[in-house]
Amino acid sequence: GIKTGPDNFRLKTITGKITEVEVTTYPIRINNQALVLGIARDLTERMHAEKFKHENEQRLAFHFNQTPLAAIEWDLDFKVKSWNSSAERIFGFTKEEAIGSHASLIIPRTAMNSVDKIWMEVTSRKGTGRTTNKNCCKNGKIIICEWYNTPLVNDEGEVIAVASFALDVTERIRSAEIQKVVYNIANAA
């Protein structure tokens, strides 16, 4: 006497294939006879799509967490939305400390104007997204990072966030500077 469902069931089709269906039943009366109307909807395609989406999300999460690059997602206010373990290792701030924090957490005050300019270029989709600039670590150490920034856009083409990858290149730059000094000394001698 009452509606049931929607409930999911695994059913065998006439061909022997197992399929996932959603079933809803309704009590009805036809010619004064009590009957049950059942409506079944095949969920196979939806289940495959959800499985595919879940697998892709797992794959993306694996890459996000395993890359040696700092992977950071910023909202349009330049605040951290996501922060991977390499970002923790490079900058010293935990994910909990970083998420919700403004980028000034890792940008020295002296570099903020140039970084703001880069930010405007990336969010307006007018700039290159590759930069090299100084950054602050939690312990106060200043490092040099190479940044790769990409605007994230919605279906309407509006920028909704920015994804960034950063690589600490401090040692590489210092080594290059030392080699340059040694070369200059050798040339002078």
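The values are calculated or read from the model by the stated rules, or taken from the named source; none is laboratory data. This is a predicted model, so every value here is computed, not measured. Counting neighbours? That spans all protein chains shown, and the Cβs are built from the backbone with ideal geometry, glycine included. Remember, those area values only see protein heavy atoms, side chains included, never the ligands or the DNA or RNA. Shrake-Rupley method; radii C 1.70, N 1.55, O 1.52, S 1.80 Å.
Brief remarks on what is shown
- When peptides 91-101, 56-66 are ranked by their average number of other Cβ atoms within 10 Å per residue, the highest-first order is 91-101, 56-66.
- The Cα center of the stretch 102-137 and the Cα center of the stretch 47-80 differ in position by 22 Å.
- The value of relative contact order for the stretch 24-143, using C-alpha pairs under 8 Å at least six residues apart, is 15 percent.
- Net charge in the neighbourhood of Arg46 (other residues with Cβ under 10 Å of its Cβ; Lys, Arg +1, Asp, Glu -1) is -3.
- Computed log₁₀ I(q)/I(0) - Debye formula, equal Cα scatterers, no solvent, the chain, q 0.13, 0.14 Å⁻¹: -0.81, -0.87
- Counting only protein heavy atoms and a probe of 1.4 Å, the accessible surface of the stretch 88-189 is 55% carbon and sulfur.
- Expected 222 nm ellipticity per residue - DSSP helices of 4 or more, -39500 (n - 2.57), all of the chain, to 500: -11000 deg cm²/dmol
- Given Lys3/Lys51; Lys17/Lys51; Lys95/Lys126; Lys12/Lys53; Lys79/Lys138, the pairs whose alpha carbons are separated by over 22 Å: Lys3/Lys51; Lys95/Lys126; Lys12/Lys53
- Cα-based helix-to-principal-axis angle, 112-123 vs the chain, degrees rounded to 10: 40
- Most mobile of Arg89, Arg29, Arg109 in a GNM of the chain (Cα contacts under 10 Å): Arg29
- Net +/- balance of residues flanking Ile143 in space, Cβ distance below 15 Å, scoring K and R +1, D and E -1: +1
- Nitroxide proxy distance, nm - points 7 Å out along Cα→Cβ at Phe52 and Ile160: 2.0
- Of the three principal axes defined by the Cα atoms of the stretch 86-175, the extents in descending order read 42, 30, 22 Å.
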